[in-house]
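A.B. asks: Handing you this structure, nothing more for now.
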Ligand SMILES: Nc1nc2c(ncn2[C@@H]2O[C@H](COP(=O)(O)OP(=O)(O)OP(=O)(O)O)[C@@H](O)[C@H]2O)c(=O)[nH]1
Ligand SMILES: [Mg+2]
């Protein structure tokens, strides 16, 4: 990027600076012996053209909307349209969540995002013994289509896009959404949204487990195929690094493992469904974490786009530029928030949100200050939403595209993160791909080690957490918290019983039997799931068919 | 009521507590053991060893299932190494067996190797005794690796299983470490993976070279897929055959005698060492002896005889 | 040779959430402090947890729950310990727990509650200060 003459000047100036530095450090030593990012990538004192001398503008940086997309996936980025303000929300009953959705839309939220409770996430109904005490606690409880109808009451399904964070039972919840749209006379080509539907990261990190890896992947490919054919604006998978990071990975691991997961999904759809890569690749979406280290995160986002573009273009030979681009949602890091002096969490989230925006995210969730203590209260969630709005409208960072480009540090860090992530991806390829690597426990072990390392750095004071290992006051100030009514579980169980009592039972059972039969063929299962949902079969009844046919998966490699 | 009595009644809490006391060699534990000893010798003890990650715990999980279907009660001893740095340990074997956690007919105990060297096998023997006295029909013992300590523990098992996996090459090393002699059954687990045949063929060749042809029991090779619950019926059958062959050939008696001899030697060794080191701290008798040795007033053999005499006079350890 | 007494701790994850970063880090920290840690894996029912605690003769149970179901799950563990006459086993908890719930949990018998961001050292020190290897006859059974 620089002429020999410039580089010569850089070196000359560097020598002079080093002499100055030596004198100054002698008088006053630096604060720490070693400076590093949150992920412990060492950071140098200063970056100069020398650090990016091999970077090629056209090849590595370029322009937004054009390969390799380092600077963003649309040509006009936020000057055309802001990112989507998408607040993850869900709690209590379907009616409670519906109310929260209307509140958020009223305050300028532009996309919906659904948090389900754990029984729903794991494919259990609210009356299952394993669900005791969990109903509505960390998301909304959905057992049947009836709940879903309440959830989406008066929400214009053709006017907003909806993201659903759901994994093993994703086909069921998606089918409910499709069924509700159908009932309201809205064509499937008019609705848009995302189901997370990413099981590989569940095996690696979040451990919402239901079926063994192979049938899990089949279900995912079924949804991808169905979406490609009938629901063209739907993102049928959101390949997620978020949870990998929350499980304690480094930024590089988050990036590498997410891309490796993506590779595995594309490969499976190509092999199993024989679809043309360009027919489905444009609808693959991603989901990243934005952690505390400002520059590291920006570099990670930029590297992510560049790497995925190369993977799709060179590895999978996609030809449509829209197959090369990586669109992603970002959530600020829940694991970076602490219970001590909780109001400080607003500041952490602000910095993280800013990094996500500078990194070119397509949509953003900002965590609420009270999330280490409970589900967000209205008060807290409003501040979180306003944080995004202030970033978008007041501070000027959305005026120009990829303002960090050309920073010696950021470009160099982007390169370094990319390089390290390739190393991981190559190792995973050598192991026979992500499925094999997961079976060997490779990513799990790497993450567990990184998590422990980070925690020890905090314990040792090498990494600072304000209010925890520095400026801690011992005094406790707590914001008012959201309470989930204790009577909810009973009400929910009663509603589900009522649905079961009043539905056409023969039809429900027939639909489940048809699904069971389909499992044993290589037919796409989505149409059968749709029928079952419409016959008011419960989520668990459907998932039980799968568990029965494919076996229930128990966590197999535990790395401590 | 004493702990031992409650153990004999099958009391879980008392058994767990006594295991701890024995493991930590607390005073009084030995007396409880003495009460239990006459009630032992009934359980069938199956040892499982093999390289880390070869699927030992998963095998135990499916074996528990199979034994429970036969209405047999099961005890499991899962041994994991202690950290050499802190002396602490993370014991995670039972994660794979958790579906049996609430089954009253299954008692699972995790054991850390701690600082024991030779002592590990003594502790393991005692744990086996207690579970035996508690009335477990079958006791499954998992040890990791194939060092001398593991071989020693396997000596307390009636039937010894060695778990191997295809495609890693580990198994060759396993065999070199002298495991060939003690294994009654080789289990090639993860048979769903590539390279099963190679392992089987090579293992077969190795066994033909090594084993005396007149032996009553020729080590068997079995294929399993523990996670898919495949091959377990056959494994159960061969374990049963091995037990029967032990009894039918009269080797069971010989085996029990051998085991008792081993245990006696172990107890003698560790108790003597223990007593001697206590003497060294309790009075300065040993210190004086050492002074005498150093100044060549006495030779080590006479000094040792002196020590022994003194212990004998006291009449107990 | 006496190998000395060691604290035995069960680190358990009741409920359906799969966030085990905290539980695993804690297990390692306890190991590095010289304790013996039994980790029983994810998605455990209170019944499973109590059975493990009894069989393994632990001195301390550390419960980690991030799903919000702690108000049912934690007291249920205490209840089952009582039913099995094992209330001498100390139980602590951690996770995403509203502060208002802490006094209620303590009243139910949870000895201490740790919130996100807390230091490992505090948790290790707490165990050292408040728990001892228990011994037959030394405490009420
Ligand atoms: N593919 C395959 N994997 C298996 C099989 N049996 C066990 N595993 C997996 O192998 C891994 C290790 O299994 P464990 O049962 O923990 O092995 P172990 O020998 O007890 O391991 P350590 O106690 O750590 O030495 C787990 O991920 C199991 O799921 C099998 O038959 N096939
Ligand atoms: Mg094991």
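The values are calculated or read from the model by the stated rules, or taken from the named source; none is laboratory data. The model shown is predicted, which means the values in this text are computed figures rather than measured ones. Neighbour counts run over all protein chains shown; Cβ positions are idealised from the backbone, glycine included.
A.B. asks: Show me the helices (runs of 4 or more DSSP H) entirely contained within segment A:441-560 in which 2 or more residues are under 30 Å from residue C:101 (Cα atoms) and within 11 Å of chain C (Cβ to nearest Cβ). Walk me through how you get there before you give the answer.
C.D. replies: Numbers: elements: A:442-459, A:488-502, A:505-519, A:526-534, A:539-550.
So the answer is A:442-459.
A.B. asks: Another question about this same structure. Select, from A:204, A:150, A:186, A:195, the only residue that is at pLDDT below 95 and not assigned by TED's automatic domain parsing to the domain that holds residue A:544.
C.D. replies: Values: A:150 fails: at pLDDT below 95; A:186 fails: at pLDDT below 95; A:195 fails: at pLDDT below 95.
Result: A:204 is the single residue among A:204, A:150, A:186, A:195 that is at pLDDT below 95 and not assigned by TED's automatic domain parsing to the domain that holds residue A:544.
A.B. asks: On to the next question. Would you mind telling me which numbered condition in (1) more than 9 Å from chain C (Cβ to nearest Cβ); (2) buried (at least 23 other Cβ atoms within 10 Å of the Cβ) residue B:107 fails?
C.D. replies: The one condition residue B:107 does not meet is (1).
A.B. asks: List every residue pair whose Cβ atoms lie under 8 Å apart, where the two residues are 6 or more positions apart in sequence or sit on different chains, the first residue falls within segment B:191-208 and is within 14 Å of chain A (Cβ to nearest Cβ), and the second residue, located anywhere, is away from ligand 2 (no atom under 16 Å from the Cβ) and in a helix (DSSP H, G or I).
C.D. replies: B:192/B:228
A.B. asks: Yes or no: segment A:370-379 includes at least one residue that is at pLDDT 95 or above and either crowded, with 23+ Cβ neighbours inside 10 Å or in a strand (DSSP E or B) (or both).
C.D. replies: Start the filter on segment A:370-379 by keeping residues that are at pLDDT 95 or above, which leaves none.
The answer is no; no qualifying residue exists.
A.B. asks: Restricting attention to segment B:146-158, and to residues there that are over 11 Å from the mean Cα position of the chain (by Cα) and without any contact (Cβ under 8 Å) to a residue 40 or more places away in the chain, which single residue is farthest from ligand 2 (Cβ to nearest atom)? First the steps, then the outcome.
C.D. replies: Initially, segment B:146-158 is screened for residues over 11 Å from the mean Cα position of the chain (by Cα), giving B:146-148.
Of the ones still in play, those that are also without any contact (Cβ under 8 Å) to a residue 40 or more places away in the chain are B:147-148.
Details: B:147: 16, B:148: 20 Å.
Among residues in segment B:146-158 that are over 11 Å from the mean Cα position of the chain (by Cα) and without any contact (Cβ under 8 Å) to a residue 40 or more places away in the chain, the one farthest from ligand 2 (Cβ to nearest atom) is B:148.
A.B. asks: Give the residue, chosen from B:128, B:90, B:139, that is buried (at least 22 other Cβ atoms within 10 Å of the Cβ), farther than 20 Å from residue B:186 by Cβ and over 12 Å from the mean Cα position of the chain (by Cα).
C.D. replies: Working: B:128 fails: over 12 Å from the mean Cα position of the chain (by Cα); B:139 fails: over 12 Å from the mean Cα position of the chain (by Cα).
Answer to the selection: B:90.
A.B. asks: When segment A:521-549 is examined, which residues are found to be at pLDDT below 95 and in contact with a helix residue (DSSP H, G or I) (Cβ under 7 Å, 6 or more places away or on another chain)?
C.D. replies: Correct list: empty.
A.B. asks: Could you check, for segment C:68-80, whether at least one of its residues is crowded, with 24+ Cβ neighbours inside 10 Å and part of a loop (DSSP other than H, G, I, E, B)?
C.D. replies: yes
A.B. asks: Output the qualifying pairs, or none if there are none: Cβ atoms under 6 angstrom, residues six or more apart or on different chains, first residue in segment B:73-84 and farther than 16 Å from residue B:145 by Cα, second residue in a loop (DSSP other than H, G, I, E, B) and at pLDDT below 85.
C.D. replies: Close Cβ pairs (under 6 Å, with a partner that is in a loop (DSSP other than H, G, I, E, B) and at pLDDT below 85) do not exist here.
A.B. asks: Which of (1) assigned to a loop (DSSP other than H, G, I, E, B); (2) within 9 Å of chain A (Cβ to nearest Cβ); (3) over 27 Å from residue A:203 (Cβ atoms) does residue C:34 not meet, given it meets every other one?
C.D. replies: (2)
A.B. asks: Can I ask one more? What is the residue count in segment B:41-58 for residues that are within 15 Å of ligand 2 (Cβ to nearest atom) and part of a loop (DSSP other than H, G, I, E, B)?
C.D. replies: Qualifying residue count for the region: 5.
A.B. asks: Residue A:149 is checked against (1) more than 24 Å from the chain's Cα centre (by Cα); (2) within 14 Å of another protein chain (Cβ to nearest Cβ) and fails just one. What number does that condition carry?
C.D. replies: (2)
A.B. asks: In this structure, does residue B:54 turn out to be in contact with a helix residue (DSSP H, G or I) (Cβ under 8 Å, 6 or more places away or on another chain) and buried (at least 22 other Cβ atoms within 10 Å of the Cβ)?
C.D. replies: On the way: in contact with a helix residue (DSSP H, G or I) (Cβ under 8 Å, 6 or more places away or on another chain): yes; buried (at least 22 other Cβ atoms within 10 Å of the Cβ): yes.
Yes.
A.B. asks: In segment B:121-145, which residue that is touching a strand residue (DSSP E or B) at 6+ places or on another chain (Cβ under 6 Å) and either within 15 Å of ligand 2 (Cβ to nearest atom) or assigned to a loop (DSSP other than H, G, I, E, B) (or both) is nearest to the other protein chains (Cβ to nearest Cβ)?
C.D. replies: Of everything passing the filter in segment B:121-145, B:136 is nearest to the other protein chains (Cβ to nearest Cβ).
A.B. asks: Output the residue which, of all residues in segment B:81-104 that are more than 9 Å from every other protein chain (Cβ to nearest Cβ) and modelled with pLDDT under 90, is nearest to ligand 2 (Cβ to nearest atom).
C.D. replies: Selected residue: B:81.
A.B. asks: For segment B:62-118, which positions are more than 13 Å from ligand 1 (Cβ to nearest atom), more than 18 Å from residue B:139 (Cβ to Cβ) and part of a helix (DSSP H, G or I)?
C.D. replies: B:99
A.B. asks: I'd like the residue in segment A:104-136 that is assigned to a helix (DSSP H, G or I) and in contact (Cβ under 8 Å) with a residue 12 or more places away in the chain and, out of all such residues, is nearest to the chain's Cα centre (by Cα). Spell out how you get there, then give the answer.
C.D. replies: Quick first cut of segment A:104-136, residues assigned to a helix (DSSP H, G or I) only: A:104-106, A:118-122, A:129-131.
Checking the rest, the ones that are also in contact (Cβ under 8 Å) with a residue 12 or more places away in the chain come to A:104-105, A:118-122, A:131.
Details: A:104: 20, A:105: 22, A:118: 17, A:119: 20, A:120: 19, A:121: 15, A:122: 18, A:131: 25 Å.
Of everything passing the filter in segment A:104-136, A:121 is nearest to the chain's Cα centre (by Cα).
A.B. asks: Can you tell me which residue among A:142, A:186, A:166 is assigned to a loop (DSSP other than H, G, I, E, B) and under 20 Å from residue A:99 (Cβ atoms)?
C.D. replies: On the way: A:186 fails: under 20 Å from residue A:99 (Cβ atoms); A:166 fails: under 20 Å from residue A:99 (Cβ atoms).
After applying the criteria, what remains is A:142.
A.B. asks: Do we have residue B:54 as near ligand 1 (Cβ under 8 Å from one of its atoms) and in the same structural domain as residue B:136 (by TED's automatic domain parsing) here? Write out each step before concluding.
C.D. replies: Working: near ligand 1 (Cβ under 8 Å from one of its atoms): yes; in the same structural domain as residue B:136 (by TED's automatic domain parsing): yes.
Answer is yes for this residue.
A.B. asks: Could you tell me which of the residues B:243, B:251, B:275 is closer than 28 Å to residue B:67 by Cα, away from ligand 2 (no atom under 16 Å from the Cβ) and surrounded by 16 or more Cβ atoms within 10 Å (Cβ to Cβ)? First the steps, then the outcome.
C.D. replies: Details: B:251 fails: surrounded by 16 or more Cβ atoms within 10 Å (Cβ to Cβ); B:275 fails: closer than 28 Å to residue B:67 by Cα.
Criteria check complete, one pass: B:243.
A.B. asks: Read through the list (1) near ligand 1 (Cβ under 10 Å from one of its atoms); (2) out of contact with any strand residue (DSSP E or B) (no Cβ under 6 Å at 6 or more places or on another chain); (3) touching a residue at least 60 places away in the same chain (Cβ under 8 Å), then give the number of the only condition that residue B:42 fails.
C.D. replies: Every condition holds for residue B:42 apart from (1).
A.B. asks: Any idea how many residues of segment A:350-378 are under 16 Å from the mean Cα position of the chain (by Cα) and more than 14 Å from chain C (Cβ to nearest Cβ)?
C.D. replies: Filtering segment A:350-378 for residues under 16 Å from the mean Cα position of the chain (by Cα) gives A:352-353, A:355-357, A:359-367.
Filter once more, keeping what is more than 14 Å from chain C (Cβ to nearest Cβ): A:352-353, A:355-357, A:359-366.
Residues that pass the stated criteria total 13.
A.B. asks: Please determine whether any residue of segment A:250-267 is in a loop (DSSP other than H, G, I, E, B), surrounded by fewer than 24 Cβ atoms within 10 Å (Cβ to Cβ), in the same structural domain as residue A:438 (by TED's automatic domain parsing) and in contact (Cβ under 8 Å) with a residue 12 or more places away in the chain. Outline the logic, then answer.
C.D. replies: Residues of segment A:250-267 that are in a loop (DSSP other than H, G, I, E, B), as a first pass: A:250.
Checking the rest, the ones that are also surrounded by fewer than 24 Cβ atoms within 10 Å (Cβ to Cβ) come to none.
No, the conditions are met nowhere in segment A:250-267.
A.B. asks: Tell me whether segment B:40-54 contains one or more residues that are more than 20 Å from the chain's Cα centre (by Cα), more than 14 Å from chain C (Cβ to nearest Cβ) and modelled with pLDDT of 90 or more. I'd like the intermediate steps shown before the answer.
C.D. replies: Keep residues of segment B:40-54 that are more than 20 Å from the chain's Cα centre (by Cα), which gives none.
No, because not a single residue in segment B:40-54 is more than 20 Å from the chain's Cα centre (by Cα), more than 14 Å from chain C (Cβ to nearest Cβ) and modelled with pLDDT of 90 or more.
A.B. asks: Looking at segment B:219-254 only, could you name the residues that are touching a strand residue (DSSP E or B) at 6+ places or on another chain (Cβ under 9 Å), within 14 Å of another protein chain (Cβ to nearest Cβ) and either assigned to a helix (DSSP H, G or I) or away from ligand 1 (no atom under 16 Å from the Cβ) (or both)?
C.D. replies: Within segment B:219-254, just B:226 meets the criteria.
A.B. asks: Looking at A:236, A:208, which one is farther than 25 Å from residue A:299 by Cβ, in contact with a strand residue (DSSP E or B) (Cβ under 9 Å, 6 or more places away or on another chain) and crowded, with 24+ Cβ neighbours inside 10 Å? Please lay out each step first, then the result.
C.D. replies: Working: A:208 fails: in contact with a strand residue (DSSP E or B) (Cβ under 9 Å, 6 or more places away or on another chain).
Answer to the check: A:236.
A.B. asks: Can you name the residue in segment C:37-51 that is buried (at least 24 other Cβ atoms within 10 Å of the Cβ) and part of a helix (DSSP H, G or I) and, of all such residues, is nearest to the other protein chains (Cβ to nearest Cβ)?
C.D. replies: Per the criteria, the residue is C:51.
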